[in-house]
Amino acid sequence: MVLLRPLLTAAALLGASVQAQSVVGTAFGFASETTGGGNAAPAAPKDTNELKEWLSDSTPRVIVIDKEFNFIGTEDTCTDCECCIPDSNTCGDAGQNAIKTEGSDWCGSYPATKCTYDNAGLEGLEVASDKSIIGVGDAGVIRGKGLRLVNGVSNIIIQNIHITELNPQYIWGGDAISLDGTDKIWIDHVKVSLVGRQMFVTGYESSGSVTVSNSEFDGQTKWSASCDGHHYWSVLGYGKGDQITFANNYVHHTSGRSPKIEFDSHWHAYNNFWENNSGHAFDIGEGANVLIEGNVFSNVKTPMNPEDKPGSTFAATVEDASSCTSALGRPCIANELTSSGELSGNDEAVLSGWPTGEGDTKAMTTDKVPSYVKANAGVGKLGAGSGSTGGASSSAGVTPTPSSSAIPSSSATPSSSAYARRHYARRHHY
């Protein structure tokens, strides 16, 4: 009994910790009405099967991610399967080959090759409406599988989790967070690393009202489509009718699509910190309407990629900042570029046609952005970085802790048995 008492005490403390978990702050920006699982009792799933069940059922839930959920090997391994070598891979094992997916001709005439990958990463965990998915400290990790929000789901909060290790060696290895036909989605204090394809993607159906805030998109990788240790497939917006607030995020060590935005959509990107991008950040195609203000670009080769048919962009400068007052109720904050290329765009049609549903957004001046973002963006940093307006708080001046590299791979060895390839037909050529 003497030995049992400490164990019982520890279990009680853990249970109390789970019960105490709740979403920190409130959603702001376009997703300001999002409440997730609301007042549902917080609960921590015991294993990957229960997590999968809770995410996809019709019950409003506050799902506490208090440990690592490792999906690698849970759906077996595809051994010596069909892949291809795209033109981008000029560096062999340091680059990315591509999985040949059913329902897609992406590989086309590229040279064929064989590869071995984990099946779990190819398709994300289905998330139903009215869910809050919240991590505890920096312990909340989903490894080997992303999250998939589709087919009309709404009112979902994803906060303080790390999604990692989705077949990072391979294009089409897996998306971390994918939206297609959603509404009222708040993604906050999330870290994404080591994915095969997109870190965050919407398309082609409208994703509705979305806010992505205080999150870290870590592009450091050993398998780079640009052959330089930087991840190319980062953030992609293809949803028609998307209204997305993208604020206080840290996007680093990428080489493209950071983000790529097309079709009839509105994006408001403010107070983000782009750092060490060897290619391009914004890639804005036809139909997109993008307001870019109060961001800092440091060592970004091409902040804005030229398009043959570019969308509409307003990238605030000191000279035209006052033009934003009619749309935002305040002047814009000018962007800042250091050791970076040019950022252009002064299409005031972006402002005159700005949607009314974003509400008040408070932006900090760019001198505060790098320290604030690096101190608050990502997993394990809940607190000052979450709020109803997304603006800076007292922690803006905190000396940032250097971002940790992607967490090490688990020691679990995926099954090597033969497995019938279980790809879902992809109509999206992301």
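The values are calculated or read from the model by the stated rules, or taken from the named source; none is laboratory data. Everything quoted here is computed from the prediction, not taken from an experiment. Reconstructed Cβ throughout: ideal geometry from the backbone, glycine too, with neighbour counts over all protein chains shown.
Structure values in brief
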item: All positions within region 149-192 that are within 12 Å of the chain's Cα centre (by Cα), assigned to a strand (DSSP E or B) and not hydrophobic (A, V, I, L, M, F, W, C); result: 159, 162, 164, 178, 188, 191
item: Region 361-376, subset of a type in the set (D, E, K, R) and either crowded, with 18+ Cβ neighbours inside 10 Å or touching a Ser or Thr at 6+ places or on another chain (Cβ under 6 Å) (or both), residue nearest to residue 322 (Cα to Cα); result: 362
item: Residue count, region 90-131 (criterion: surrounded by fewer than 17 Cβ atoms within 10 Å (Cβ to Cβ) and modelled with pLDDT under 95); result: 3
item: Close pairs from region 306-320: first under 12 Å from residue 282 (Cα atoms), partner surrounded by fewer than 16 Cβ atoms within 10 Å (Cβ to Cβ) and hydroxyl-bearing (Ser, Thr, Tyr), Cβ under 8 Å, at least 6 apart; result: 313/344; 315/344
item: Residue check, residue 341 surrounded by 16 or more Cβ atoms within 10 Å (Cβ to Cβ) and either in contact with a Lys or Arg (Cβ under 8 Å, 6 or more places away or on another chain) or free of Cβ contacts under 8 Å to residues at least 60 places away in the same chain (or both); result: yes
item: Meets criteria (loosely packed, with under 15 Cβ neighbours inside 10 Å, in contact with a strand residue (DSSP E or B) (Cβ under 7 Å, 6 or more places away or on another chain) and not aliphatic (A, V, I, L, M)) for residue 86; result: no
item: All positions within region 162-188 that are out of contact with any helix residue (DSSP H, G or I) (no Cβ under 8 Å at 6 or more places or on another chain) and farther than 28 Å from residue 228 by Cβ; result: 179, 180, 181, 182, 183, 188
item: Residue satisfying condition, being in contact with a Ser or Thr (Cβ under 6 Å, 6 or more places away or on another chain), under 19 Å from residue 79 (Cβ atoms) and in contact (Cβ under 8 Å) with a residue 40 or more places away in the chain, within set 120, 128; result: 120
item: Sole exception among (1) small (Gly, Ala, Ser); (2) part of a strand (DSSP E or B); (3) within 14 Å of the chain's Cα centre (by Cα) for residue 281, by number; result: (3)
item: Single residue of region 74-88 satisfying the filter (in contact with a Phe, Trp or Tyr (Cβ under 9 Å, 6 or more places away or on another chain) and in a loop (DSSP other than H, G, I, E, B)) that is nearest to residue 232 (Cα to Cα); result: 88
item: Pairs where the first residue, in region 88-103, is closer than 13 Å to residue 196 by Cβ and the second is assigned to a loop (DSSP other than H, G, I, E, B) and β-branched (Val, Ile, Thr), C-beta under 6 Å, 6+ apart; result: 97/85
item: Members of region 211-241 found to be over 12 Å from the mean Cα position of the chain (by Cα) and in a strand (DSSP E or B), listed by number; result: 220, 230, 231
item: Of residues in region 39-52 being under 30 Å from residue 357 (Cβ atoms) and surrounded by 14 or more Cβ atoms within 10 Å (Cβ to Cβ), the one farthest from the chain's Cα centre (by Cα); result: 40
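Conditions tested, residue by residue: (1) out of contact with any Lys or Arg (no Cβ under 6 Å at 6 or more places or on another chain); (2) of a type in the set (A, V, I, L, M, F, W, C).
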position	(1), (2)
126	no, no
142	yes, yes
175	no, no
180	yes, no
194	yes, yes
197	yes, no
